[in-house]
Every structure is written in structure tokens, then in C-alpha cells.
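The values are calculated or read from the model by the stated rules, or taken from the named source; none is laboratory data. No experiment lies behind these values; they were computed from the predicted model shown. Cβ placement follows ideal geometry from the backbone for every residue including glycine, while neighbour counts extend to all protein chains displayed.
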Amino acid sequence: MKKVDCQYIKSPLNYTGNKLRIFPQISKFFPKQIDCMIDLFCGGATVGINTNAKKIIFVDNNQFVINLLVYLSRINVDLFLRNCERLIKKYNLSCSYKYGYKIYRNQCKNKNDNNGLKDYNKKGFYILRKDYNSLKNKNTDEALTMLYLLMVYGFNNDLRFNSDGQFNLPVGKTDLNKNNVLKIKQYSEKIKKITAQFICADFRSENLIKLIKKADFIYMDPPYLLGDAVYNVGWNNDSEHSLLDLIDYLIKNKKSFALSNVISKKNKINEPLCYWSKKRSRYISIHHIKYNYRSASYNKIERDCEEKEILICNKNYIK
């Protein structure tokens, strides 16, 4: 696997399974000219923001993700960082992008390197989490800044909520470091240069179909039927069949599309996708992608199992 070109923008949201590392592989099958693209199941928006299109519509059914993407797209970066620093100071958290890593690491009682800054940030993080979860309005700039910090200081830099909408991840081992600040700056700079729209919607909604009719390219990175990540929970055979029905609609209406998915994993097969792809072989092309997610935290048990990731796209309509 070639090293990812530095020209690509990293999402400020650490979304498990994001396509940055394989973007060069999949983007070569995208249309050369795109007026309006829909990044369906956009997650951290990695694919959309790195695609050359006149307009990009980012769609995800996670309201927290969409709200953060919208917020980070309109911030003044310097003001945002000052607000982050104010909250970091308030909750007595580490701030390695400004003061370095060692000054905080040396203050950790637990000297296990694998714990990073967890020991230092533990107390302040849980107070921050409690304060955020107690907010009645989580759509204010202050609330969204708090949520961003919960993500970068939380376990695996992830975004997870319980059924009551409470942020429930434990403290992680990293903080607001130079890498996170760089991602914020790059995302903010790039998103302001393009025409972007953010929508929270289920892929089966009627309003989304109206947008699809106006778009000329749809990229889809749905939860994987064979996936073990937390965000795959709730995705089942019915969901897979509904998505395949949508792709049939795209084929019928000669819409350019690309679908990322895993066709098989270890001894399991994505039977709906496998059956559908054989029946639609005259309309689609399948490209095998060289990559797996062995380093993902959810995949520790089966780290060496073989995943066959693929990209499915039109055979005739991509120009």
C-alpha cells in the first residue's frame, strides 16, 4: 500500500473505516467531471471533501456527526482554538499541541506508555462529559465545542452515544495535539472553498430521493453487513436489500455511482450483495481494493482474518 498523498484532507472526525488510505484506489473510478455529488453515509466526510466536484451533499443519519461537520465548516479556526483552550483550562486537561506531550506525561502516575495521557485527563474528562450530557441544548457553539473535545480526549477519538443520547465513551489516551489542530485547519480551509450541503437523513427517505434525482454522482459507504464496528449495529439484511433497491434505481435512471463494501470476511459472505451483483453483472463492474482494517479497535479478535473489500460502480455511465 502506497503512503497516502499529503494533498488529501484528513477528516477532523476520527471515523472508523474512513476511506482516506484507499481513496487513491477508489477515486480513479469516479467520474472525471462532477457537478453535484452525494456522499451518502458520509461519516467524517473524507471521500466527499477529497473529491473534485462543484457541489457536494454530505448525508448521514447521525445527527451528532452532521451537527459537528456543519459547525466545523463555519468556524473561525483561531477563535475556535481559543474556545477549546478555555475549556481545556476549565477542566484541567492536557493541551499537547501548545505545551508539548512530555510535560503532561511526566505527571501521570501510571507510567504504562500504552495509557498515554489517560491518567492525567481522567478526572477532567468525566466532569466535561457530565456537564455536556446535562445540557438541554446541545446545538449551541459551546456545546459543539465541548462535544469536539470529548471526541479528541475520548477513547479511540470516537463519537458514541447511548439510547438516551448521552455521550458514553470513557477517557482516551490522546488530547488536542498538533495533528488534530492540523486536521481542523485543513478541513476548515477546504470546506470554505467548495459548495457544500449537510443533511441528516436516512438513505430511504423521500427527500433524499429528490436530491438524488438532481445529482450526477452518488458515492455510498454504508455500514457493512459483515462489519463488527459499533456503527454497524442495526444494519441487517433488510437494510442491505433496501440499499440494493436504491442502486437499482440509480442503474435504471443512468446515475453514476460507486459503492464501497466488503463482499466476504473469513468464512462469511455478504449473500444479498453477492447474489445481487451476479444478477446485475451486465450493468456493474467490481474492483477489488487492497486494504483491511486490522488496526481498528473493534477488529482485535480477528485481526488476521481476510476481508475482501470491493468497489462497485457503473459499467457504462461513468464518463
- Yes/no for LEU169 being in contact with a helix residue (DSSP H, G or I) (Cβ under 6 Å, 6 or more places away or on another chain) and either crowded, with 20+ Cβ neighbours inside 10 Å or hydrophobic (A, V, I, L, M, F, W, C) (or both): yes
- Task: Please specify each residue of segment 106-120 satisfying the condition of being more than 25 Å from the chain's Cα centre (by Cα), within 15 Å of SER96 (Cα to Cα) and either among the basic types (Lys, Arg) or part of a helix (DSSP H, G or I) (or both).
- Result: ASP119, TYR120
- What single numbered condition from (1) within 18 Å of CYS36 (Cα to Cα); (2) more than 19 Å from the chain's Cα centre (by Cα); (3) not assigned by TED's automatic domain parsing to the domain that holds ASN52 fails to hold for ASP164? (1)
- Message: Among the residues that make up segment 179-192, is at least one of them at pLDDT 95 or above and assigned to a strand (DSSP E or B)?
- Response: no
- Note on the structure: Within segment 162-178, residues being among the aliphatic types (A, V, I, L, M) and in a loop (DSSP other than H, G, I, E, B) number 2
- Select from segment 190-216 the residues that are of a type in the set (Ser, Thr, Tyr) and either out of contact with any Lys or Arg (no Cβ under 6 Å at 6 or more places or on another chain) or assigned by TED's automatic domain parsing to the domain that holds MET146 (or both) and list them in ascending order. SER205
- Task: Select, from PHE125, PHE203, PHE198, the only residue that is crowded, with 18+ Cβ neighbours inside 10 Å and in a loop (DSSP other than H, G, I, E, B).
- Result: PHE203
- Close pairs from segment 236-252: first assigned by TED's automatic domain parsing to the domain that holds ILE269, partner loosely packed, with under 14 Cβ neighbours inside 10 Å, Cβ under 6 Å, at least 6 apart: SER242/ARG204
- Somewhere in segment 133-146, is a residue under 20 Å from the mean Cα position of the chain (by Cα), in contact (Cβ under 8 Å) with a residue 60 or more places away in the chain and outside any loop (DSSP other than H, G, I, E, B)? yes
- Which condition does LEU182 not pass, out of (1) under 19 Å from the mean Cα position of the chain (by Cα); (2) surrounded by fewer than 16 Cβ atoms within 10 Å (Cβ to Cβ); (3) within 20 Å of ARG86 (Cβ to Cβ), if it passes all the others? (3)
- Item | Boolean, TYR8 is over 22 Å from LEU211 (Cβ atoms), aromatic (Phe, Trp, Tyr) and modelled with pLDDT under 95 | yes
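Going by the structure shown, is LEU149 aliphatic (A, V, I, L, M) and outside any loop (DSSP other than H, G, I, E, B)?
The answer is yes for LEU149.
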- Filter pass, GLY48 being touching an Asp or Glu at 6+ places or on another chain (Cβ under 6 Å) and over 13 Å from ASP175 (Cβ atoms): yes
- Message: Being of a type in the set (Lys, Arg) and modelled with pLDDT under 95 is true for just one of LYS130, LYS55, LYS111, LYS89. Which residue is that?
- Response: LYS111
- Just one of TYR148, TYR187 is more than 30 Å from ASP248 (Cβ to Cβ), in contact with a helix residue (DSSP H, G or I) (Cβ under 8 Å, 6 or more places away or on another chain), surrounded by 15 or more Cβ atoms within 10 Å (Cβ to Cβ) and in the same structural domain as ARG82 (by TED's automatic domain parsing); which is it? TYR148
